[in-house]
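The values are calculated or read from the model by the stated rules, or taken from the named source; none is laboratory data. Values in this document were obtained by computation on a predicted structure and should not be read as measured data. These accessible areas exclude ligands, DNA and RNA; they are computed on the full protein's heavy atoms, side chains included. Shrake-Rupley method; radii C 1.70, N 1.55, O 1.52, S 1.80 Å.
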Amino acid sequence: MKLLLCQDMRMKAVSYSGYYEGDSVFRARLRAALREVEASLHKVEKLRSNVFIVHTDRKKYLLKGFYNRKKYESQKLLVRKLKENGFERTYQFKNIPTFKYDGDTYAWIQYLSSSRDKFTFHSSENRKKGLKLLEDFHSTTRKFYDSIPVNYFKQLQKWQERLEEFEENKRTIGKYVNSSYLESWLEWGKRSLNGLAKYESELYSEPTCIVHGDVAHHNFFLKKDGSLYLIDFDLISKAPPSIDYLQYCNRIMPHIGDSSELWTYKQLKSYKDNRAFLYALLFPTDIFREWNRLIKENSLRDQGYMHSVWQLSVEEWPKRINMYKDIAKML
């Protein structure tokens, strides 16, 4: 629950129930795009800085700004390929003209009606459903991954950079938490990366596919009819499924009793004997990520966000240590 709070604090989405007035240039370009499909604007709701719900006389749309045109094109191609290959559990981009505003390319996406219940990792049943959806996504994208123009993901490099940034921030972080916690996080982080470097090839032993790259709970969308969809492909890359499953494990570990539950899930069983995967599970990536973000975004005075990160880092650490020790015994 505390990790979920931390993630939600990071998102900092702002919802407006009324009409979004916005900039006159933005509204003019929005209206012009709608005129191309003979639709008229009724109102706009702002969800985040670059994401809106647009109500027209015909239907609702999600309008999203992409800072990089190539990212938009890659995601649009991915979604089209998914649909062509039988994977229906995601949105589709709509044939409404895109427009530029404040450097971003704004594109139109199918609006999905959400369930009153939100998807979380709290229940074993939800964790199973999320894994099955990822498995289907991976098996589908394996058929066409080479046609999507995205980079190959390098886990070790990414985490080495994250650890280095955390060490640079160590003095600042030390003002908020006891040095014993800092040293413990760093000890496990370095132990993890040393083992991962030694057995890295095992992490990439499976066939390549497109991985989602951000398997947080909010990117699993529970529709009004109860079906589960996968959304938001901003961080897609080429890699084996293990990369997504590793991140998924990191996301669900705060919600499970002990590490042995991981190996009860069909999609994760094979990784029980994968030394690279096990070493990677020892990396406190969420702790490093959140502290680095707090400092980078100058959010140390955000008491709510700070408290959620502190709880994740300190109050939950004894449970995390026990799980790490259990995994370490398997090595």
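Observations on the structure shown:
Every residue, every condition in (1) of a type in the set (A, V, I, L, M, F, W, C); (2) part of a helix (DSSP H, G or I), yes or no:
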position: L246; (1), (2): yes, yes
position: A280; (1), (2): yes, yes
position: F283; (1), (2): yes, no
position: F288; (1), (2): yes, yes
position: N298; (1), (2): no, no
position: V314; (1), (2): yes, yes
position: I327; (1), (2): yes, yes
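- Put simply, of E315, E290 the only residue that is open to solvent by 10 Å² or more (accessible area, probe 1.4 Å) and among the acidic types (D, E) is E315.
- Strands (runs of 3 or more DSSP E) contained entirely in region 34-132, each with at least 3 residues that are open to solvent by 50 Å² or more (accessible area, probe 1.4 Å) and not β-branched (V, I, T): 41-48
- Residue match in region 272-282 (condition: under 20 Å from G130 (Cα atoms) and open to solvent by 10 Å² or more (accessible area, probe 1.4 Å)): yes
- Of note, R301 does not satisfy the criterion of being modelled with pLDDT of 95 or more, open to solvent by 30 Å² or more (accessible area, probe 1.4 Å) and on the phi < 0 side of the Ramachandran plot.
- Every residue from region 209-242 that is open to solvent by less than 10 Å² (accessible area, probe 1.4 Å) and either part of a loop (DSSP other than H, G, I, E, B) or not polar (S, T, N, Q) (or both): C209, I210, V211, H212, V215, A216, F220, L230, F233, A239, P240, P241
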